[in-house]
Structures are given as C-alpha cells and as structure tokens.
1. Answer with yes or no whether B:Ala196 is under 20 Å from the mean Cα position of the chain (by Cα) and open to solvent by less than 50 Å² (accessible area, probe 1.4 Å).
2. Anything in the range B:33-48 that is in contact with a strand residue (DSSP E or B) (Cβ under 6 Å, 6 or more places away or on another chain) and away from every other protein chain (no Cβ under 13 Å)? List them, or say none.
3. Can you name every residue in the range B:170-182 that is over 14 Å from the mean Cα position of the chain (by Cα) and within 21 Å of B:Val204 (Cα to Cα)?
4. Mind listing just one residue for me: the one in the range B:148-167 that is surrounded by fewer than 24 Cβ atoms within 10 Å (Cβ to Cβ) and aliphatic (A, V, I, L, M) and, of those, farthest from the other protein chains (Cβ to nearest Cβ)?
5. Specify which of the listed residues (A:Val165, A:Val225, A:Val173) is touching a residue at least 24 places away in the same chain (Cβ under 8 Å) and either open to solvent by 60 Å² or more (accessible area, probe 1.4 Å) or over 21 Å from the mean Cα position of the chain (by Cα) (or both).
Amino acid sequence: MIPLVRRWAVLVVAVALWEPAARAGDSPFFPPPSAIAVALRDRLWDTDLVAAHLLPGVGRMLAGWAIAALCGVVAGLLLGRSGVVLQYLSPLFAFVRAVPPPLLVPLFLVLFDLGTPMQLATIVVGVIWPVLLSSIDGAASVHPVQVETARVLQLRHTDWWLRVVLPAAAPKVLAGLRVSLSLALILMVISELVGATNGLGFQLALAQRRFDFLTMWAVVVLLGVLGYAFNSGLVAAESRVLRRQRKEA
Amino acid sequence: MSVALDVSGLAHRYGPGPAVVDVSLDARPGELVCIVGPSGCGKSTLLRAVAGLLTPTSGEVRVDGEPVRGVVPGLAMVFQDYSRSLYPWLTVRGNVELPLRGHVERSERQERAEEALKHVGLDGQGGRYPRQLSGGMQQRVAIARALAHRPTLLLLDEPFASVDAQTRADLEDLLLRVRAEHGMTALLVTHDIDEAVYLADRVVVLSPAPATVAAVLAVDLPGTRDQIGTRAAPEFVHLRTEVARLLRR
C-alpha cells in the first residue's frame with residue numbers, strides 16, 4: 001500500500017496546477033480553486049446553506065437509504081434462501097434493475113408532486129436494488145456444509161437468520177449498501193434539481209440560473225466531499241464488521 | 001436386544017444413478033459402529049439419510065424405534081469439513097453454545113460449553129476464533145459442540161480425514177474417551193480401514209458404488225484401546241486384513 005501522503009499528492013498537484021491555469025484563463029465558468037474555497041467557506045459560515053439546504057437534503061438521503069437498506073436486506077435474505085420464489089422473480093428483478101433510477105424522478109413527480117415524499121420515494125425505489133440483489137446473492141451463497149450444520153444443530157429461526165445467514169451474507173450485503181449509498185447521493189441531487197424547494201441540488205440549479213458560477217462550483221465541491229465522507233465512513237464500518245471473519249488471522 | 005438405530009432396506013438415487021442400494025444395519029445403545037467403504041461409494045449419503053438431512057428413495061431409518069423424518073432430537077454430527085462446519089464469524093465459545101440457544105438458560109449454556117471445551121482439551125480457548133486454531137483443534141471444537149448438545153446419537157462423517165497422522169491418532173483416542181464417558185451411540189463413516197477397526201465395536205463394510213453391505217464384522221478387541229498395543233494385536237491385524245480383503249473384491 002502506498003503511504004497516505006503520497007496517494008493524496010496527485011490530487012494536491014492537480015489542484016495546484018488548476019489554480020494558475022484558471023487564473024490565466026480568467027473565465028467566469030472556471031473560477032480558480034482558491035476562489036471556490038473562499039466561496040464555500042463564506043457560504044458554510046452563512047448558516048442558510050447548511051441548515052436550510054444541506055441538512056434537509058442529507059436527512060432525506062440518509063432516511064431513504066436506511067429504509068431501502070432495511071427493506072432490501074430483509075427481503076433479500078428471505079428471497080436468497082427461498083429457492084423457488086427467487087427463480088420466479090429473477091426475470092422481473094433483471095428488468096427493473098436495468099431501468100436507470102433517475103428516470104423515476106418524472107414518475108414520482110407526477111405521483112407525489114414536489115417535496116419530500118417524492119424525493120424519498122425516488123431515493124428508496126432507486127437505491128433498493130443494489131441492496132436487494134446483493135443480499136439475495138449473499139444469502140444464496142451460504143455454504144452447503146454450513147446449511148447442513150445448521151440443520152443438524154436444529155437452530156432456532158432467529159439464530160439461523162441472525163447468526164448464520166446474515167453474517168454469511170455480510171460481505172455482499174455491505175458491498176450492496178455501499179453502492180446504494182453513493183447512488184442515494186446522486187438521486188438526492190437529481191431529485192432536488194427538478195423537484196424541490198430546498199437542498200443542495202436546488203441550490204445548484206438556482207446558482208446556475210443566476211449565473212453564480214462560484215456558488216455552483218462550491219456546491220459541486222461540497223457534494224464531492226459529502227460523497228467521499230459517506231463512502232469512507234461505510235468502508236470503515238465494513239472493515240470493522242468483516243475483520244472478524246477474514247480468512248487470515 | 002434393544003436397538004438404538006435401525007436402518008432397513010435403505011436405497012437412494014441422485015438422478016439416474018443409484019448411490020445406495022439396499023443397505024440394512026443397526027446399532028445397539030452405546031455401540032460405536034464404523035462404516036468403511038471405498039471413496040465415493042455412498043457412505044456420506046447413507047449418513048445423511050440417518051441424520052434426516054435427506055429423505056431416502058426407499059427404505060427406512062428408525063432411531064429408538066421411531067421412523068426418522070427430518071433431524072431427530074438428541075442427534076449430533078461432526079463433519080469432515082470443520083473449517084466450514086464451524087462458523088468463522090463466531091468465537092469457539094459462540095460456536096459451541098450456538099445449538100444450546102433457546103434450549104437452555106444462559107448460565108447453564110456457558111457452563112456446558114466450558115465443560116465441553118475442557119473435555120476436548122481446549123479449556124481457555126473459548127474466546128478465540130476458529131481460524132486462529134490448527135485443523136486438529138478446530139475439529140476438537142466441532143466435537144465439543146456435539147458434546148455440549150448431550151447427544152444420544154453421534155454421527156461422524158470422515159471426521160479425521162483432513163488432519164495429520166499424529167493429530168488423527170489423538171482425535172481417535174479423544175473420541176473413544178468421550179464415548180466411554182458419555183455412552184452415546186455413535187456411527188462413524190471412514191475410508192480408513194485401520195481407523196475403522198481401531199475405533200469400532202462393529203465394522204460395517206460397504207461395497208463399491210452403489211453401496212450395499214458387504215459384511216458386518218464384530219471387533220473383539222479389549223474395550224480400552226491404545227494406539228500402539230491395539231494396532232499390534234494379532235486380532236487387530238487379522239481384522240484389518242479381513243476388511244481389506246473385502247474391500248478389494
């Protein structure tokens with residue numbers, strides 16, 4: 001593994017090169033990173049962005065993701081062990097999964113009108129598939145000897161699901177949760193771009209319409225930081241959970 | 001004569017080919033019966049039918065006079081593949097306690113697990129994870145888990161086939177000691193002739209696939225056996241030659 005400092009060096013150099021290039025270009029569409037940083041700092045200090053836009057949006061995103069995660073994991077584990085039912089449902093899943101989630105936005109706009117229910121529905125329905133499908137995969141991959149052992153031990157249902165199936169499926173479930181979390185952020189922004197009165201996506205669209213490119217860039221950078229933070233958080237949680245069952249001690 | 005286990009006319013086929021044809025055998029309470037046969041002759045199928053893990057195509061298995069439909073209470077099984085049969089995400093103690101959950105109270109569960117681990121020479125190892133133990137120790141954990149269950153019928157499917165020779169001898173003696181102390185009926189499947197003769201009160205010799213009973217031999221060796229003396233005894237040599245001759249045909 002390359003040391004942390006050196007891995008980040010590429011990003012630092014890229015930003016350092018961008019700065020003089022943007023200054024020399026002097027285009028209103030591409031402000032220099034320093035100006036973006038200042039704009040971001042000013043707007044973060046101005047609590048409006050945080051309280052009125054960042055927090056509600058992130059709240060919806062996390063709520064939608066949590067609902068999708070719970071439903072997806074429970075349904076996925078049950079289906080993964082169901083055998084026959086899964087065989088009937090898998091063509092349906094293959095079709096639904098192929099529909100790009102952002103296409104749900106117009107549909108839910110019609111169904112729910114502007115606002116939180118529409119955004120929640122978009123996020124839940126959009127991000128449930130990675131969780132569901134990877135949970136199905138995980139539950140179906142319990143090794144036959146582990147299944148036979150559980151049968152011989154005559155485990156209670158709760159022990160079978162929580163102490164055998166769930167941990168066996170955990171690596172795949174967590175991978176699915178990670179995919180769906182980044183998808184949730186994307187859907188949060190898209191649903192706010194078209195159907196919201198607050199949120200970072202709404203701010204982005206507003207800034208664009210006002211030709212306020214500095215704010216636009218500030219929101220883009222903020223979204224990048226958010227995505228990175230959520231992903232790192234989940235990766236850390238994942239390695240904590242999986243450390244116990246890694247092959248090598 | 002009372003019979004703990006009675007298999008009569010058992011036959012099983014997977015798809016077109018028969019795996020087991022007309023096998024009948026029995027075991028008296030407290031008896032250790034070894035089933036020896038060439039690799040792939042259907043030994044494991046036979047054991048799975050006794051365990052209630054599969055329903056045979058025809059024939060019947062009775063445990064304590066009751067026909068087997070599904071896994072019977074009081075049954076424990078030790079698998080060859082200990083690395084999969086033990087759940088890697090549970091500690092040694094967690095694995096041993098797992099089948100007791102929902103049946104005995106927490107304090108008694110811990111007591112029984114500790115006692116079973118002590119029995120197999122693993123006291124103080126409860127907090128470790130299976131992967132941190134050697135193969136022989138892992139199989140001891142599997143035996144401890146079976147013991148904590150207080151089985152009346154113990155099934156062992158090639159339990160010592162994946163460990164080195166010295167560990168194997170230790171585990172064989174462990175099994176004999178455990179059986180002497182607990183007095184459960186035991187059915188052990190192996191392809192190792194010496195192991196079968198060394199351990200058994202009776203040896204059931206199976207033919208090559210599809211399995212039928214080629215012979216049943218009573219082992220007239222003293223109750224307490226030891227790895228050096230017993231294996232040198234004329235009766236032992238005679239029996240192993242006899243079994244080998246039966247298997248050769």
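1. yes
2. Residues satisfying the conditions are B:Val33, B:Cys34, B:Ile35, B:Val36, B:Gly37, B:Cys41, B:Gly42, B:Lys43, B:Leu46.
3. B:Ala180
4. The qualifying residue farthest from the other protein chains (Cβ to nearest Cβ) is B:Ala165.
5. A:Val165
Residue-by-condition table, conditions (1) closer than 24 Å to A:Leu114 by Cβ; (2) more than 14 Å from chain B (Cβ to nearest Cβ):
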site: A:Leu162; (1), (2): no, no
site: A:Val165; (1), (2): no, no
site: A:Gly176; (1), (2): no, yes
site: A:Ala184; (1), (2): yes, yes
site: A:Phe202; (1), (2): yes, yes
site: A:Met216; (1), (2): yes, yes
site: A:Val221; (1), (2): no, yes
site: A:Gly233; (1), (2): no, yes
site: A:Leu242; (1), (2): no, no
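The values are calculated or read from the model by the stated rules, or taken from the named source; none is laboratory data. None of the values given here were measured: they were computed from a predicted structure. No Cβ is skipped: glycine too gets one built from the backbone with ideal geometry, and neighbour counts run over all protein chains shown. Heads up: the accessible areas ignore ligands, DNA and RNA and are worked out on the full protein's heavy atoms, side chains in. Shrake-Rupley method; radii C 1.70, N 1.55, O 1.52, S 1.80 Å.
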